[in-house]
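Take a look at the structure below.
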Amino acid sequence: MFRSKAFSLLKLIPLMPGQSDLAYKLIHPAIASHGHRCHRRSVDYRQGYKTCPSSAEGRTINAPQTKVMAEEELPGVLILDIGGTHGVLENLAPLLKKHFCLITMKEFLENKKEMSKKIQSVFVFECRPTVDRELLESLPNLKVIGNSGVGVDHLDLKMISSFGIKVTNTPHAVADSTADIGMALMLASARRLVEGCQIAVSPDTKYFAVDWLGVEVTRATLGIIGMGSIGYKVAQRARAFDMRILYHNRNRRRKEEEEAVGAHYCEKMEDLLQQSDFVMLVVNLTPETHKLIGKKELGLMKPTATFINISRGAVIDQDALVEALQNKVIRAAALDVTYPEPLPRDHPLLKLNNIIITPHIGTATVQAIRMMAEEAIANMLSVLNGQPIPSEVLPK
Ligand SMILES: O=C(O)C(=O)CO
């Protein structure tokens with residue numbers, strides 16, 4: 001996944017048991033301010049940070065200097081949201097409003113002249129809405145695009161950077177919930193939960209006659225392709241299932257990190273594919289990873305193996321996947337991501353019975369969307385404040 005500055009910073013902070021939360025707060029001062037006695041309605045991000053005691057833990061942490069600002073003084077943030085029931089305005093507006101003046105796309109379009117001057121940041125909710133050149137040209141004071149989510153393949157980083165605008169993402173906030181979805185898909189596919197559920201709820205079911213068997217995850221071999229923060233969280237979870245863990249990554253993890261989860265590095269992805277009972281794809285989508293898994297790679301997998309994708313749909317050649325599933329080259333697939341999303345209703349993947357597909361819900365939890373917003377706010381405030389940016393994504 002992205003080698004963000006925040007991750008490097010985190011690694012520098014010596015952690016003692018129970019202190020990871022503190023480390024997180026240290027690199028996200030704006031987040032740390034929430035719940036402080038000294039936190040008031042809004043933060044003057046221009047004032048820099050001062051030290052103030054954490055009411056929660058009695059520890060000293062960095063927190064933004066507090067100064068109540070009138071709403072109209074706050075920097076404008078344009079919200080790019082695809083709507084939906086777990087969208088920004090329904091759930092995250094109060095959080096954002098502590099630091100920004102919220103401007104919806106509708107408000108911007110209705111009053112472009114006034115709004116365009118006010119907007120200093122754009123908050124992109126989840127990995128779907130994109131930002132085009134026309135929008136950037138109409139926002140002269142824009143300094144940062146705060147993506148809530150780790151994947152930024154929907155943003156043209158080079159084009160955005162040519163406007164002098166920074167892009168940030170939220171690798172920490174997404175890691176647990178996305179790793180959970182990977183585990184959920186692996187278990188659901190292994191034990192054929194969706195088929196089981198259909199039998200249990202079908203009006204035609206008279207008695208429970210199940211003419212199939214699942215496979216066990218316990219003690220099976222899991223191959224993780226992409227060992228960033230999400231991949232590592234998957235490994236931590238898989239360890240509790242006594243799984244043998246293999247991983248392939250651009251860079252090998254430190255020995256202590258490998259040992260902590262019992263993961264073995266495969267320099268060649270082919271070795272991982274040949275040995276794994278479950279292959280989980282956790283890389284980000286870049287020109288290098290586009291169609292990383294195709295006919296050849298699927299052909300290397302065991303016929304009893306299951307393929308799980310929690311990264312991006314375009315990392316796999318979907319036609320090759322259809323063929324592999326139809327011809328039982330592999331046992332099954334479980335996908336939280338496809339290309340496009342959703343798939344056309346007549347897509348052959350939707351007609352197979354050895355597949356589970358979920359609608360890109362890696363971060364669709366109450367906790368994750370809040371943490372993503374907090375991480376994005378901290379990033380955006382750092383840019384506006386001219387401070388080191390915890391999670392900046394640079395164009396290649
Ligand atoms: O964080 C992201 O980019 C995701 O897609 C999570 O599912």
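Just to be sure I understand, how many residues within the range 107-133 are over 27 Å from the mean Cα position of the chain (by Cα) and more than 15 Å from LEU74 (Cα to Cα)?
7
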(message) As an exercise: evaluate GLU195 against (1) without any contact (Cβ under 8 Å) to a residue 60 or more places away in the chain; (2) in a helix (DSSP H, G or I) and give the number of the one condition it does not meet.
(response) (1)
(request) Return the only residue of THR304, THR289 being in a loop (DSSP other than H, G, I, E, B), more than 16 Å from the ligand (Cβ to nearest atom) and closer than 26 Å to LEU352 by Cβ. (result) THR304
(request) State yes or no: is LEU285 under 20 Å from SER189 (Cβ atoms) and modelled with pLDDT of 95 or more? (result) no
(message) When you scan the range 133-144, do you find a residue that is modelled with pLDDT of 95 or more and within 16 Å of the ligand (Cβ to nearest atom), even just one?
(response) no
(message) It is to be established whether one or more residues within the range 242-255 are outside any loop (DSSP other than H, G, I, E, B), within 16 Å of the ligand (Cβ to nearest atom) and closer than 30 Å to GLU375 by Cα.
(response) no
(request) For ALA368, work out the one condition from (1) under 18 Å from GLY149 (Cα atoms); (2) in contact with a strand residue (DSSP E or B) (Cβ under 7 Å, 6 or more places away or on another chain); (3) among the small types (Gly, Ala, Ser) it doesn't fulfil. (result) (2)
(request) Could you identify the single residue in SER189, SER202 that is surrounded by fewer than 19 Cβ atoms within 10 Å (Cβ to Cβ), more than 16 Å from the ligand (Cβ to nearest atom) and of a type in the set (S, T, N, Q)? (result) SER202
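The values are calculated or read from the model by the stated rules, or taken from the named source; none is laboratory data. Because the structure is a prediction, the values reported are computed rather than measured. Using ideal geometry, Cβ is built from the backbone for each residue, glycine included, and neighbour counts are taken over all protein chains shown.
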